[in-house]
Structure formats: structure tokens, C-alpha cells
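Q: Quick one: the structure is below, and I'll ask about it shortly.
The values are calculated or read from the model by the stated rules, or taken from the named source; none is laboratory data. Please read all numbers here as calculations on a predicted model, not as lab measurements. Side chains are part of the model used for accessible areas, which takes the heavy atoms of the whole protein and leaves out ligands, DNA and RNA. Shrake-Rupley method; radii C 1.70, N 1.55, O 1.52, S 1.80 Å.
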Amino acid sequence: MGRYGRVATYLLLTLTFYITLTIVDEVWNIRHHHYFAIWAQRAADAMLLALPVWL
């Protein structure tokens, strides 16, 4: 698999988790007036959830 396989898997998992978290936020109807803060939090959460790929 190599280095690039892990990177590709990490990026795909991060994207998948980000989309999933976006859908969950829409289902739970969480509204916030700072859209960038919500976007940044979702991106950070998705990156943390995909982190075990490196191990």
C-alpha cells in the first residue's frame, strides 16, 4: 500500500466523516450564526476520526 495509499485513505476517510457530520448536523437541526466555526469544528473532528489510519 505504501505512503500514498495511507494518505489517500486518510483523505477519503476525512471527506467521508466530514460529509457524515454535515448530514448529522442537518438532521439534528443545529444552527449557529458562526458558520466558519462550525465548518472548522467539523473538519477538525473528521481529521481526528480518520487519524487511526496512520497507525
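Q: What do you get for the angle between helix 35-49 and the principal long axis of the chain? Use alpha-carbon atoms, 0 to 90 degrees, nearest ten.
A: 30 degrees
Q: Per residue, how much accessible area does the chain have with a 1.4 Å probe, in Å²? Please list the in-between numbers first.
A: Numbers: 4550 Å² over 55 residues.
Heavy-atom SASA per residue in the chain reads 83 Å².
Q: Using just the helices of the chain, give the 222 nm mean residue ellipticity in deg cm²/dmol: DSSP H runs with n ≥ 4 each add -39,500 (n - 2.57), and the total is spread over all residues, rounded to 500. Walk me through the intermediate numbers first.
A: Details: 2 runs with 42 residues, N = 55.
After summing the helix terms and dividing by the residues of the chain, the value is -26500 deg cm²/dmol.
Q: Give me P(r) over the chain, computed from all C-alpha to C-alpha distances, binned every 5 Å, as integer percentages.
A: Spelled out bin by bin, the chain gives 4, 20, 25, 21, 13, 9, 6, 2, 0 percent.
Q: If I fit a long axis through the Cα atoms of helix 2-28 and take the longest principal axis of the Cα atoms of the chain, what angle between them do I get, 0 to 90°, rounded to 10?
A: It works out to around 20 degrees.
Q: Carbon-plus-sulfur fraction of the accessible area of the chain, 1.4 Å probe, in percent?
A: Values: 3270 of 4550 Å².
Accessible surface attributable to carbon and sulfur in the chain totals 72 percent.
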